[in-house]
Structure formats: C-alpha cells, structure tokens
1. At what distance in nm do the modelled label points of residue 304 and residue 83 sit from each other, each positioned 7 Å from its Cα along Cα→Cβ?
2. Compute the length gained on full extension between residue 253 and residue 114: take 0.36 nm times their separation in residues and subtract their Cα-Cα distance, giving the result in nm to one decimal.
3. Report, in listed order, any pair from 42/117; 176/252; 22/85; 196/250 with a Cα-Cα distance greater than 23 Å.
4. Using amide H atoms built 1.01 Å from N in the peptide plane, name the residues 5+ places from residue 97, or on other chains, whose amide H lies under 5 Å from its own.
5. Using 0.36 nm per residue of separation minus the Cα-Cα distance, give me the extension gain between residue 51 and residue 296 in nm, one decimal.
6. Assuming 0.36 nm per residue, please report the length gained on full extension of the stretch residue 188 to residue 40 beyond their Cα-Cα distance.
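Just so it is clear, none of the values below were taken in a lab; they were calculated from the coordinates. Remember, predicted model here, so these are calculated numbers, not experimental data. A quick note on method: Cβ atoms are made from the backbone with ideal geometry, for glycine too, and the neighbour counts reach across all protein chains shown.
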Amino acid sequence: MATPSSVFTEMVTTTDRAWGSKVTDNVSNHNALLNVMKRKGKIKTVSGGYEIAEPIEYAENDTYQRYAGYDELNTGASDVLTTVKYDWKQIALHVTASGQQIRMNMGSKERMINLVKARKDNALRTAANSFSIDTYSDGSLSNQVGGLASIIQADGTGTVGGIDSSTFTFWKNQFKEMTGTNIAASPSVANAASMKADMNNLWLSLNRGADKPDLIVMSHDFYSLYEVGEQDKQRYADSDMAKAGFQTLKYKTADVIFDDNTNFATTAEKAYFLNTDYLYLVQHREAQWTMDDEKRPTNQDAIVVPMYWMGNYVCTNRSLQGVLFDAA
C-alpha cells in the first residue's frame with residue numbers, strides 16, 4: 001500500500017510531465033525582456049562545457065586592400081576573433097511538504113491534489129519573481145546570474161565575459177546621464193522633451209548600419225516621463241507583447257516597456273537600450289528547471305522534490321548595448 005508521502009511525491013512528479021517547460025514559460029511570461037528573448041530564439045540550451053563560451057568579432061579583416069597590376073598583396077593573418085566566457089550559475093527550487101501536511105490531506109485524492117497544486121503554484125510564482133530580479137541584477141549576490149546591470153554599466157566599463165573593457169575599449173557599453181537634475185521624478189512636457197533629446201543622442205551611438213536597439217526597458221519613473229511626451233501622439237503597441245499582457249510604447253523602431261521588481265523599481269531611474277541580437281540566456285540541457293527525485297531530510301519530517309536550473313546571461317556585443325540614467 002502506498003504511503004501518504006509516496007502519493008504526494010508521485011503526484012508532484014507525474015501530474016505534469018512538462019514541468020520544466022512550464023516553469024520556463026511562466027518565467028518568460030512574467031518578464032517582458034525574457035518574453036522578447038524567447039520569441040526571438042535567444043534562450044539557448046547547451047550540453048556542457050567548463051564555461052559558457054561564445055566567439056565574438058572585435059576587429060575588421062586587415063587584408064582588405066585596393067591594388068593595381070603587380071602590387072604586393074597583404075596575405076598576413078588577421079586576428080579578428082576572440083571568445084567571451086561566462087561562468088555557470090545554478091539555481092535550486094523545491095516543492096516541499098511536511099509530514100504533518102501530507103498526513104492531514106491523506107484519505108482524499110482531492111485534498112492531496114489541492115496540496116500538490118498549491119505547492120507547485122507557489123514554486124512557479126517564486127521562480128518567476130526571483131528570476132526576474134536576477135535578470136536586472138548586477139550579479140553581486142552569491143552565485144547570482146549576471147543580469148543587465150552587470151552587462152550594461154553606468155560608466156561603460158567593467159569586466160564582462162572575461163574581457164576587461166578598461167583595457168579593450170571595443171568591449172565598453174554605451175551610456176548617457178540625463179541632462180538636468182532629477183528630471184525623471186518630475187514628469188512634464190519640458191522634461192519629456194529633454195529626455196527625448198538624450199534618448200536621441202544615445203540611440204545614435206548604438207546604430208551600426210542595420211544594427212540598432214530593438215527593445216528599451218525602462219523603470220517606472222522613466223516610463224511615466226516618456227509617456228507624458230507621447231500623450232499627444234499615436235501610440236504603436238507591439239501586438240505580440242500586448243497579447244502577452246505587457247504594455248508597450250514605441251521609440252523609433254524599438255518597443256518601449258517597463259518592468260518592476262525589487263532590483264528595478266520606480267527609484268532605479270534607468271532605461272536600458274538593448275540590441276537583443278547579441279543577448280542570450282544560456283541554460284544547460286540537463287538543468288532547465290529539471291525536476292529531480294524526491295529527497296527526505298534526515299533531521300526533518302518532510303518530503304522535498306528539487307528542481308535545478310544552470311546557466312547565465314551572455315552578451316556577445318556590449319558596444320551595441322546602452323543605458324540612460326538619471327544620477328541625481
């Protein structure tokens with residue numbers, strides 16, 4: 001006869017065979033940036049490696065040469081590629097229940113199903129909220145993934161992907177401090193116009209031919225100020241983003257969205273100008289919110305069903321990422 005704890009474990013592990021995909025979907029549906037990256041195929045799954053390594057171009061081919069007749073040609077080697085390397089980061093999340101909770105719900109399949117659903121729904125919300133915080137983080141917490149504040153810094157510098165941008169200036173991101181003092185906190189048509197001018201300047205620094213930002217993620221203050229300047233204009237919302245439940249405006253060819261969590265709240269006063277062609281979320285094939293076998297703590301009366309995620313955010317071109325910020 002099955003014990004109450006084994007019934008709980010079986011329900012957790014078998015009621016949803018696609019649990020890992022469900023967690024991934026819930027995380028991306030909760031976060032506008034991840035939603036865009038998922039639609040663009042920027043969530044990559046890899047099978048292993050000591051680090052997450054991606055090749056990048058950092059220079060043009062030196063052998064381009066205009067010549068005539070018997071001119072000597074330049075056949076020298078051109079060092080144009082290098083590799084960025086990002087550390088693996090790991091996340092564990094657990095569906096848990098105490099022995100007391102399990103025994104209290106035994107004898108009724110409906111009660112046990114409700115217990116399992118409550119625990120799994122809680123895990124979904126936790127994954128969505130916590131990973132959204134990590135997405136905008138500077139990666140300073142222990143074992144935290146390197147979020148946007150780590151990749152895109154207010155002075156453009158920093159060591160990202162193993163490359164020190166103070167030494168290799170091609171690896172600096174673009175940045176601009178807003179003109180004026182604390183204008184994001186005082187929405188007005190005049191301040192909105194000043195903000196638009198600063199946005200225009202930053203935008204120009206992020207254009208390389210057909211390469212340009214496709215997404216601008218703003219904190220609430222910035223989004224409110226930008227919206228003031230758009231009140232008298234027609235708004236263009238991205239239909240896919242609208243279907244996903246995200247409110248969007250438009251700036252040139254980029255969607256403008258806001259996000260809100262404890263790391264990127266109203267007082268952050270930032271706008272990330274993102275070229276998502278060069279941003280990836282890389283995860284390990286065997287740890288993409290993958291559920292493991294149940295664990296029984298030796299010093300607790302409980303059942304723990306763990307799931308694991310392993311990966312990191314990766315940028316392959318920092319020079320085409322930017323941030324607009326209001327420092328004071």
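1. The modelled label-to-label distance comes out at 3.5 nm.
2. Values: separation 139, 0.36 × 139 = 50.04 nm, distance 4.62 nm.
Extra length from residue 253 to residue 114 when fully extended: 45.4 nm.
3. On the way: 42/117 30 Å; 176/252 18 Å; 22/85 29 Å; 196/250 12 Å.
Check vs 23 Å cut-off fails for 42/117; 22/85.
4. 303
5. Once the chain is fully extended between residue 51 and residue 296, it gains 85.0 nm.
6. On the way: separation 148, 0.36 × 148 = 53.28 nm, distance 3.51 nm.
Net length gain for the segment: 49.8 nm.
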